[in-house]
1. Take each complete run of DSSP H in the chain, measure how far its Cα atoms stretch along the helix's own axis, and keep only those covering 30 Å or more with mean Kyte-Doolittle hydropathy at least 1.0; list them.
2. Label points 7 Å out from Cα along the Cβ direction at Asn396 and Ala282: separation in nm?
3. If exposed chymotrypsin sites (Phe, Trp or Tyr not before Pro) are those in a DSSP loop with at most 13 other Cβ within 10 Å, what is the longest stretch of the chain that has none?
4. Between Val18 and Leu78, 0.36 nm times their residue separation minus their Cα-Cα distance comes to what?
5. With a ≥ b ≥ c taken as the square roots of the eigenvalues of the C-alpha gyration tensor of region 364-553, please select rounded if a/c is under 1.5 and otherwise prolate if a/b is larger than b/c or oblate if it is not?
6. Could you give the size of the charge dipole of region 5-245 about its Cα centre, using +1 on the Cβ of each K and R and -1 on the Cβ of each D and E, expressed in debye and rounded to the nearest 20?
7. Going toward the positive end of the dipole of the chain, with +1 on Lys and Arg Cβ and -1 on Asp and Glu Cβ, which of Ala409, Ala518, Val144 do you reach last?
8. Can you pull the one-decimal nm distance between simple spin-label points at Ala217 and Ala35, each 7 Å off the Cα toward Cβ?
Amino acid sequence: MKIAARQVRLVSGLVLFVYVALHLTNHALMNLSLAAAEAYASAMFAIVALPPVRLLLYGSLAAHFGLSLWAVYRRRDLATLSRGEVVQLVAGLLVVPILAGHVVPVRFGVLLFGTLPTHTSVTVATTQFDTTGGLLLAVGLLLVWLHGCAGVHYWLRLKPFYARWQPFLLAAAAALGALALVGYLAGSREAAALFADPEWRAGFAARHRFPGEEGAATLERIQTGVFAFWALAIAAVFAARRVRAWHAHRGGRAIVAYPGDATVAVARGTTLLEASRQGRIAHASVCGGRGRCSTCRVRVERGAENLSLPADDELAVLARVAAPPGVRLACQAHAIGDVAIVPLLPASIGAAALAQRREHESAGAEKTIAVMFADLRGFTALSESKLPFDVVFLLNRYFAEMGAAIEAAGGRIDKFVGDGIVALFGVESGPAQGTREALAGARAMIERLAALNAALAHDLDAPLRIGIGIHAGPAIVGEMGYSQARQFTAIGDTVNTASRLEALTKKFAADLLVSSDAVIASGLDFAAFPEETTDIRGRQGALAVRVVKDATKLV
Ligand code: FES
């Protein structure tokens, strides 16, 4: 099983987040007493000392730091980071130097000199001997907390439940941070009182086996080494970014074209989303370009071959939203040549709207919508006379054209079934607009098919032909399926009727059959098209339909 870097970063971040939350709780307990915090710390560190837990913790720290640097390297244009992302990034990078001042003496003290730190001894040491270091530690912990909370926020904000829980989670996070800080101050006062007692102070260093001057110097050298490693790692990332930018500059430019004649010239290798940002073209990107939300998706009109190939992660996200062929995630597709794209979602869509939309969709509802079925005629015979490679090529070209027509009209692909296509219209906008969109989509499909036939004339014995059925009525819509195979779809009699209408197009030798319900819902004048009545298998009573022999005649 391939584990994506993003998942490792998330899981390692969550491990560290839990650890920091436990640590802050420890500080907060100092509001009660040092003894209460000591008891809690003993239990907590006994668990952390278990080899598997320690391995998990250190492994998470290394993986998270490494992958965060990798993310900085991969993000081509840091100027496009949101304010929240900048705070998260800076807080994350500062964590290492700030916490090294605490972690190195404690951990390496134990490893190299056999020191016996306790919560109380560390509190006394940091508040009585090294007050600046102690304050830095308290602030450092809060910075880690801020970084972690921002990460959790970016992770959860696409989840439907998050909008409801966000205020409570935010309040809990702020309360824990504040209690920890106040607890640290309370603990430092109690530590000062302890330290003022000459008897207690007398055996303090010996009790905890603190290293002498030489040992302290060794620990300081290790600390300096950690700082140097940290600074070098960051410098290396920024140097690598410079080299890449220089290389990309030498590699030439790529032109990204948008609807309405807008174009942006970018260095080859730039993602389509970064191209939009550089060109100040509004482009939805709810997850900030992490390849999670799919809101940046675009239809590639020209130059698909000039884009980097989609990775598994991108394919998984596209499959989740049932994206038709020709659709890419702008934040994942790199332009290595000229390309023309159409962003598919409104640039204004936000996390809350997206989450709401997902919640709404996944919950399921009965809605009156328009359903379209389209099928290639005689494709079975055609496929028997062609090589499998040619059949796949042909079908993918066909699906790309039909999918583009449907999406451009405002519909959403429900599924591809063999050589058939099921599309839903009006899920959000209602049946009147949905039916009009479905009719516009049908017309565009026939037009695109004619163009495709012309382009493939030398490969085809006879032009491709399709039949389309459109019906409007109530259907159950929602996310259905299991695991990766979950998708937004519709079920019910309306769907079945649309399917039967498509099958009947052959009998009427028509491009399109539109049910009377769809005609009424559209509010359009169908007087130019003859009306027929037909029986629909599985449905009581005859259904009136309009027979559209040539769908390009639809207005
Ligand atoms: S911005 Fe979220 S997937 Fe591209």
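1. Both cut-offs are met by 131-156, 162-196.
2. About 3.5 nm, to one decimal.
3. The segment 162-481 is the longest one with no such site.
4. Length gained, Val18 through Leu78: 18.7 nm.
5. On the way: a/c = 1.69, a/b = 1.26, b/c = 1.34.
Note, shape of region 364-553 comes out oblate.
6. So the magnitude is around 1300 debye.
7. After comparing all options, I get Val144.
8. For the pair Ala217/Ala35, the computed spacing is 4.2 nm.
Read-outs throughout are calculated quantities, based only on the coordinates presented, and are distinct from any laboratory measurement. The shown structure was predicted, so the numbers you read here are calculated from the model rather than taken from an experiment. Reconstructed Cβ throughout: ideal geometry from the backbone, glycine too, with neighbour counts over all protein chains shown.
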